[in-house]
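Here, each number is a calculation from the coordinates, and none is a lab measurement. Here the structure is a predicted model, which means the values were calculated and not measured. Cβ sites come from the backbone with ideal geometry, for glycine too, and all protein chains shown count toward neighbours.
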Amino acid sequence: MSRFTSVEQRIDAAARAVLERLPQLGLSGALVEFTVFGLKQGWACLFGGTLLALIVATKWFWPEAAPLARYDFLFLAALGLQVALLATRLEQPAEALVILIFHVVGTAMEVFKTDAGSWIYPEDSFFRIGGVPLFSGFMYAAVGSYIARITRIFDMRYSGYPPVWLTLALAGGIYVNFFSHHFIVDLRYGLFAFAFLLYWRTWVHFRVFRFTHRMPLLVGFLLVALFIWFAENIGTWSRAWLYPGQEMGWTPVSIHKLGAWYLLMIISFVLVTLVHRPRNLGPKPLDRAT
């Protein structure tokens, strides 16, 4: 599978024509590498960032008397965005498949969790299942979209990657525990330990611009989970959904939720590996390693 869509190839070629003329070494070269890293991260967040922007914008500007409910608008806007990304070749069909998978998996968990009182959606909508508006599944899909896009944009390779069947077992156990801990003992600490034993030797190698960098995969999970926690605070502030205690006024989401997002990150990553198979680093580095 190509790293870029046809449109992205043209964007990449135009960017390289400019970037290649910039300094390669020293502080200036590091600044170029850092800037490209930020731009690629933003590009990988295209779907999720747009959806989050719409959630915030509708908090401020959605009229109360509008004939279309805010949640229904978000659902239709997310569908339209998905179609537009595919039509303009800014997204690969495999990434659309990832979004569909995540929407189904996420919506199923949302239906259960809202019924259990873990959080609520305070507004009415037409496109919903039980107490869950269908736009909510796209929030999980945004995580999957990000991971799928970043995997190919940064040409990610892995060293010390565990057997795939074990990663699937871990992801399955995490998903089941999200439901079962309401009825039996919470196994999350055991799942944390299982994840550590499985991935503690795994490094992700990613190419930014001129250089290939590396990071422990477990650290990568934590950084993305932290980013999602920040986004979740924005989402609850905009009253797109609310946790118990936030109904009368917004308060920050507990930092303890970071653990749940860390585990959800692992599920997300494993699901994406079913579409973008993890590639080994191989005997030679991809580029000048740092």
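Computed quantities for the displayed model
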{"read-out": "Full-stretch length increase - D12, S254 - with 0.36 nm per residue and alpha-carbon distance subtracted", "value": "83.2 nm"}
{"read-out": "Residue exposure sequence - I255, I174 - by fewest surrounding Cβ within 10 Å", "value": "I255, I174"}
{"read-out": "Descending Cα extents along the principal axes, the chain, whole Å", "value": "55, 45, 34"}
{"read-out": "Net length gained if the chain between D155 and V104 were fully extended (0.36 nm per residue, minus Cα distance)", "value": "15.6 nm"}
{"read-out": "Candidates A225, A65, A260: whichever shows maximal mean-square fluctuation once the chain is modelled as a Gaussian network with Cα springs under 10 Å", "value": "A65"}
{"read-out": "Efficiency of FRET between I120 and L86 - r from beta-carbon atoms, R0 45 angstrom, step 0.05", "value": "0.85"}
{"read-out": "Kirkwood estimate for the stretch 48-89, i.e. one over the average of 1/r between Cα atoms, Å", "value": "11.0"}
{"read-out": "Directionally averaged shadow of the stretch 97-165, computed from the convex hull of its alpha-carbon atoms, nm²", "value": "6.6"}
{"read-out": "Coordinate range along principal axes, alpha carbons of the stretch 64-213, Å, largest first", "value": "55, 47, 22"}
{"read-out": "Fluctuation leader among M109, M156, M248 - the chain, Gaussian network, Cα springs under 10 angstrom", "value": "M248"}
{"read-out": "Projected area averaged over orientations for the stretch 165-290, convex hull of C-alpha atoms, nm²", "value": "10.1"}
{"read-out": "Top of G235, G245, G173 by mean-square fluctuation, Gaussian network on the chain, Cα under 10 Å", "value": "G245"}
{"read-out": "Theoretical ellipticity at 222 nm over the chain - DSSP helices of four or more residues, -39500 (n - 2.57) apiece, nearest 500", "value": "-20500 deg cm²/dmol"}
{"read-out": "Ranking of Y140, Y161 by count of other Cβ atoms within 10 Å, fewest first", "value": "Y161, Y140"}
